[in-house]
Amino acid sequence: MAFSVFGLFMTPFAHAGAQDVSRCVTGSVVLPLLGGAGDGPIIPVRVNDYDVAMYISPDYDKIYVRETRDLRFPDKEMPATLDLNGYHSEEVDYIGIRDLQIGGADLGAVNGVLIRGGSVQSAGGRPVIGVIGQMVLSRMLILLDMPHGEVMYITTSNNSDCDDVGQQILGDRARSVRLDGDFQIPAFIDGKKRWFSMNPDLDVTSVPTSWDDLPEVAHPTLVRAEKTITRFDRFLTAGREAKIKDFEIGGERIKDDTVVLQRDIMTGHIGMPFFADRIVLFDYPHGRFYFKSTRAGPRPEGHHLHFTQTFTTHVSVVDRRDKAVNVVTADKKGKSG
């Protein structure tokens, strides 16, 4: 994988010592995030000689794509059943992608998973066809700067004195936590350690109701929380919206502490609210996750674009002539093609 080096010290996080960073960084690619505020992170890519766009999210293990009117994947290798979240599944096809290019990097032929049903999204004048997951992202350092609308792919040397290159890039004010082999990070809720996957494409932070030893998830609290309905592609799941009073990552108290409690998930998911005002760096080679808060000017308004078709609505119950009627009271928060 060849990288062109440009822009590394011209970005908003370039306050780190340039000499120290340049000693460890061997290459970088800077790409704009397409879309706008409220959209998942979307980057321009080239697939099989077509200019398209794809989401990036370490919550996905592979490359997932949908077909468009022009871009087809006729050579399907085998059908399979995709486990969506430990409870629900859908039928997909394993495929070969002839060529994938990201910025100055040509990944060549890669394997992918074809989600049935075509894409109807577009961003930056390109059709949005899928999501790039761990299979590609884990090969390098990924710096995601959603407030400023950029993403950077970074390769580094293997020198032992470059183990903290992530700290050098983001600076002393950045927090860091362990990034485990399942691409999860530890967090503390009410002083109890829990592991979360990170999904900047998801428009909410979610917590499984199986964590019922936590006061905010315990039954008396749960039944009083506001009801929600979330749709993931082809299935609906009910949930409750709640506030986590004591939510901490890397020693930092998380202020954006509204979460959706869901029974149809097996692990927690750190969603877009965390990433919306932070610069983060996934250092997969060294097993660390770095983050720091930042301020940026307003980004263009987005269109609630997300790879996973999710929307959350609040539900209230109104009595009419002694009959309970469910009434949707909130606007849709996210959508996908």
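The values are calculated or read from the model by the stated rules, or taken from the named source; none is laboratory data. Small disclaimer: the values here were computed from a predicted structure and weren't measured. Please note: Cβ atoms are built from the backbone with ideal geometry, for glycine as well, and neighbour counts cover all protein chains shown. Keep in mind that these areas ignore ligands, DNA and RNA; they rest on the heavy atoms of the full protein, side chains included. Shrake-Rupley method; radii C 1.70, N 1.55, O 1.52, S 1.80 Å.
The residue pairs whose first member lies in region 70-81 and is outside any strand (DSSP E or B), whose second member is surrounded by 11 or more Cβ atoms within 10 Å (Cβ to Cβ) and among the aromatic types (Phe, Trp, Tyr), and whose beta carbons are closer than 6 Å, counting only pairs six or more residues apart or on different chains, are Leu71/Tyr50.
Applying a threshold of 6 Å to beta carbon distances and a minimum spacing of six or more residues, or different chains, the list of pairs starting in region 244-257 at a residue that is open to solvent by 40 Å² or more (accessible area, probe 1.4 Å) and ending at one that is part of a strand (DSSP E or B) reads Glu248/Phe188. Determine if region 200-215 includes at least one residue that is surrounded by fewer than 16 Cβ atoms within 10 Å (Cβ to Cβ) and polar (S, T, N, Q). There is at least one residue in region 200-215 that is surrounded by fewer than 16 Cβ atoms within 10 Å (Cβ to Cβ) and polar (S, T, N, Q). Checking Ile142, Ile115, Ile63 one by one, the residue that is in contact (Cβ under 8 Å) with a residue 40 or more places away in the chain and touching a helix residue (DSSP H, G or I) at 6+ places or on another chain (Cβ under 8 Å) is Ile63 and no other. Of all positions in region 90-105, none carries a residue that is farther than 14 Å from Val47 by Cβ, hydroxyl-bearing (Ser, Thr, Tyr) and touching a Leu at 6+ places or on another chain (Cβ under 7 Å).
Of all residues in region 41-55, exactly one satisfies the criterion of being assigned to a loop (DSSP other than H, G, I, E, B) and in contact with a Leu (Cβ under 6 Å, 6 or more places away or on another chain), namely Pro41. Take Ala218 and decide whether it is over 20 Å from the mean Cα position of the chain (by Cα) and not aromatic (Phe, Trp, Tyr). Considered against the rule, which asks whether it is over 20 Å from the mean Cα position of the chain (by Cα) and not aromatic (Phe, Trp, Tyr), Ala218 comes out as yes.
Within region 67-81, the only residue that satisfies the criterion of being among the aliphatic types (A, V, I, L, M) and within 11 Å of Asn48 (Cβ to Cβ) is Leu71. Checked against (1) assigned to a loop (DSSP other than H, G, I, E, B); (2) surrounded by fewer than 17 Cβ atoms within 10 Å (Cβ to Cβ); (3) within 16 Å of the chain's Cα centre (by Cα), Asp180 passes all but condition (3).
Can you spot a residue in region 167-176 that is in a strand (DSSP E or B) and either open to solvent by less than 80 Å² (accessible area, probe 1.4 Å) or of a type outside the set (Gly, Ala, Ser) (or both)? Taking every residue of region 167-176 in turn, at least one turns out to be in a strand (DSSP E or B) and either open to solvent by less than 80 Å² (accessible area, probe 1.4 Å) or of a type outside the set (Gly, Ala, Ser) (or both). One residue stands out among those in region 183-199 that are part of a loop (DSSP other than H, G, I, E, B) and touching a residue at least 60 places away in the same chain (Cβ under 8 Å): the one that is surrounded by the most Cβ atoms within 10 Å (Cβ to Cβ), which is Asn199.
Restricting attention to region 122-136, does a residue exist that is over 21 Å from the mean Cα position of the chain (by Cα) and not aliphatic (A, V, I, L, M)? Yes - at least one qualifying residue is present in region 122-136. Has region 265-278 got any residue that is modelled with pLDDT under 85, out of contact with any Phe, Trp or Tyr (no Cβ under 7 Å at 6 or more places or on another chain) and within 25 Å of Asp145 (Cβ to Cβ)? So far as region 265-278 goes, no, none of its residues is modelled with pLDDT under 85, out of contact with any Phe, Trp or Tyr (no Cβ under 7 Å at 6 or more places or on another chain) and within 25 Å of Asp145 (Cβ to Cβ). In the set (1) at pLDDT 85 or above; (2) over 30 Å from His303 (Cβ atoms), Met198 fails one condition alone, (2).
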